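As structure tokens, the structure follows; a few thoughts come after it.
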């Protein structure tokens, strides 16, 4: 369903603002812009609300771009860059055991630090 503007805010199910820190296992809701037309002349159509579960996430080794693989409620699988996932805000359902989520987040953050350090090293030494 397309909307004219992104107006999602938290509700009774998706209670936790997870913008900037989603992990595998999160059940999320967010809005993303939809365009028609061509690559050179895109036409903004509105926003669609997506409810999905995060199946995978990774950091690109060269640029460190964060990419997520999501499974929507309709069963479709989509891949989305982190910058696009987080753009209009992301809300998630609380986990039954938030300490498990914290462990998953710490592992993710550790991988992110390694990728950023490697990228910085390459930039400084021209690799």
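The values are calculated or read from the model by the stated rules, or taken from the named source; none is laboratory data. Quick caveat: nothing in here was measured; it's all calculated off a predicted structure. Because the Cβ atoms are built from the backbone with ideal geometry, glycine has one as well, and the counts that use them run over all protein chains shown.
Check residue 53 against each of (1) touching a residue at least 40 places away in the same chain (Cβ under 8 Å); (2) closer than 24 Å to residue 106 by Cα; (3) assigned to a strand (DSSP E or B) and name the one condition it does not meet. Here residue 53 clears every test but (1). Could you tell me whether any residue of the stretch 29-38 is in contact with a strand residue (DSSP E or B) (Cβ under 9 Å, 6 or more places away or on another chain), exposed (fewer than 12 other Cβ atoms within 10 Å of the Cβ) and within 24 Å of residue 15 (Cα to Cα)? No: zero hits. Among the residues of the stretch 1-13, those identified as surrounded by fewer than 10 Cβ atoms within 10 Å (Cβ to Cβ) and either at pLDDT 90 or above or within 30 Å of residue 106 (Cβ to Cβ) (or both) are 9, 11, 12. Scanning the stretch 101-121 finds no residues that are touching a strand residue (DSSP E or B) at 6+ places or on another chain (Cβ under 9 Å), without any contact (Cβ under 8 Å) to a residue 24 or more places away in the chain and within 24 Å of residue 13 (Cα to Cα). For the stretch 95-127, the set of residues classified as surrounded by 11 or more Cβ atoms within 10 Å (Cβ to Cβ) and not in a helix (DSSP H, G or I) consists of 95 only. Does residue 16 qualify as being within 28 Å of residue 116 (Cβ to Cβ), at pLDDT below 95 and touching a strand residue (DSSP E or B) at 6+ places or on another chain (Cβ under 7 Å)? Yes; evaluated as a whole, the condition is true for this residue. Taking the criterion of being modelled with pLDDT of 95 or more and either within 29 Å of residue 115 (Cβ to Cβ) or in contact with a strand residue (DSSP E or B) (Cβ under 9 Å, 6 or more places away or on another chain) (or both), the residues of the stretch 39-49 that qualify are 42, 43.
Could you please find all residues in the stretch 58-94 being touching a strand residue (DSSP E or B) at 6+ places or on another chain (Cβ under 9 Å), part of a loop (DSSP other than H, G, I, E, B) and surrounded by 11 or more Cβ atoms within 10 Å (Cβ to Cβ)? Matches in the stretch 58-94: 60, 65, 73, 87, 88, 89, 93, 94.
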